[in-house]
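What follows is one structure encoded as structure tokens, with my remarks underneath.
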Amino acid sequence: MKINHFLFIGSVVLLTASCNQSENTENTPINDKKNPSAYSAGAVLWQQHAAEYEALCYQAYNLGERRLDELVDTNKTYEKPLAVVMDIDETVLDNSSYNATLIKNELLYSKKSWMEWTAMQSADLVPGALEFIQYAKSKNVEVIFISNRMEAELNDTYQNVIDLGIDTVSKSNYYLKSATSNKDERRANVADKYEVILFFGDNLGDFNGVFDDTTVIERKKHVKNFRPLFGDKLIILPNPMYGEWEGALYNHDFSATPEFRDSLRMNALNIYSIGK
Ligand SMILES: [Mg+2]
């Protein structure tokens, strides 16, 4: 699919964040100032061009298939139908073209440009996602999407996913965002109906709400506590472009100016000390 990178050049209006991307709270573009998205060019280039990115995605989904085999083929009986829960953005759909366009146009994320992007139905596939979803289907395991795309984005998201060949996930299996970004309630709703054997996500909030809206230190502490579950029940995909990890650097305050956020990033860099 060819993407018109220039469709969403123009005014950017402040609205509430609909996904885990950093929300711009000031209208952009930043004319005589530094490109506010330039700092993420390395991350976007890596996702788009590093074969290592693809290898990591394949690694995640290969592991997912292996775990699926172990969990489905055991003699264990389950009381409910089996399901895997998957995030969508940077887990199934690759939105790096959107982020690349922000950089080129010297814009920060905004809900308006994001909604224009999702309406284009032009996201690509994360490597390995299609094959994993097909594999799950072949094992009679339901695939459930829990995403912080808004419910208003359902039809476009569904069509984008269908166009990429994923035609086994019904619309009723999409649990999109209606109110809160926290996914705990939606996970609980899914767990009422299914035995969820695996979770896939690029953001730790895709696994548990304890990772949301907290500090870098707390997030790392929780990761230590969850350590036995990674590669076991929780499968994480790489996303260097955006996420709660970045929000944590700003104390989740996206009303801060791009300049202040830049200073927070610079201050967060751990540098070496001579003589240490
Ligand atoms: Mg995601």
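The values are calculated or read from the model by the stated rules, or taken from the named source; none is laboratory data. Owing to the predicted nature of the structure, the values given are computational and were not obtained by experimental measurement. Backbone-built Cβ (ideal geometry, glycine too); neighbour counts: all protein chains shown.
Looking across segment 140-167, the residues that are closer than 22 Å to LEU82 by Cβ and surrounded by 15 or more Cβ atoms within 10 Å (Cβ to Cβ) come down to VAL141, GLU142, VAL143, ILE144, PHE145, ILE146, SER147, VAL161, ILE166. Checking each residue in segment 133-157 for being away from the ligand (no atom under 15 Å from the Cβ) and either farther than 30 Å from THR74 by Cα or polar (S, T, N, Q) (or both) picks out GLN134, SER138, ASN140, GLU151, ALA152, LEU154, ASN155, ASP156.
The one condition from (1) in a helix (DSSP H, G or I); (2) within 21 Å of ILE133 (Cα to Cα); (3) in contact with a Leu (Cβ under 9 Å, 6 or more places away or on another chain); (4) away from the ligand (no atom under 16 Å from the Cβ) that ALA191 does not meet is (3). Taking segment 79-97 as the range and being in contact with a Lys or Arg (Cβ under 8 Å, 6 or more places away or on another chain) and either within 9 Å of the ligand (Cβ to nearest atom) or of a type in the set (Asp, Glu) (or both) as the test, the residues that pass are ILE88, ASP89. When we screen PHE226, PHE199 for residues that are modelled with pLDDT of 95 or more, outside any loop (DSSP other than H, G, I, E, B), within 16 Å of the ligand (Cβ to nearest atom) and among the aromatic types (Phe, Trp, Tyr), the only hit is PHE199. Among the candidates ARG219, ARG265, the residue that is at pLDDT 95 or above and more than 16 Å from the ligand (Cβ to nearest atom) is uniquely ARG265. Look through segment 100-116, keep the residues that are surrounded by fewer than 24 Cβ atoms within 10 Å (Cβ to Cβ) and not charged (D, E, K, R), and return whichever of them is nearest to ALA188 (Cα to Cα). Looking at residues that are surrounded by fewer than 24 Cβ atoms within 10 Å (Cβ to Cβ) and not charged (D, E, K, R), I get MET115. When each of ARG261, ARG219, ARG227 is tested for being under 17 Å from the mean Cα position of the chain (by Cα) and of a type in the set (Lys, Arg), the lone residue that passes is ARG219.
In the set (1) away from the ligand (no atom under 16 Å from the Cβ); (2) within 21 Å of GLU54 (Cα to Cα), the condition left unmet by GLU106 is number (2). Among what's in segment 204-216 and is in contact with a Phe, Trp or Tyr (Cβ under 6 Å, 6 or more places away or on another chain) and over 20 Å from GLU65 (Cβ atoms), pick the residue that is nearest to the ligand (Cβ to nearest atom). Within segment 204-216, the match that is nearest to the ligand (Cβ to nearest atom) is GLY205. Of the residues examined, LYS221 is one that is of a type in the set (Lys, Arg), surrounded by fewer than 16 Cβ atoms within 10 Å (Cβ to Cβ) and free of Cβ contacts under 8 Å to residues at least 40 places away in the same chain.
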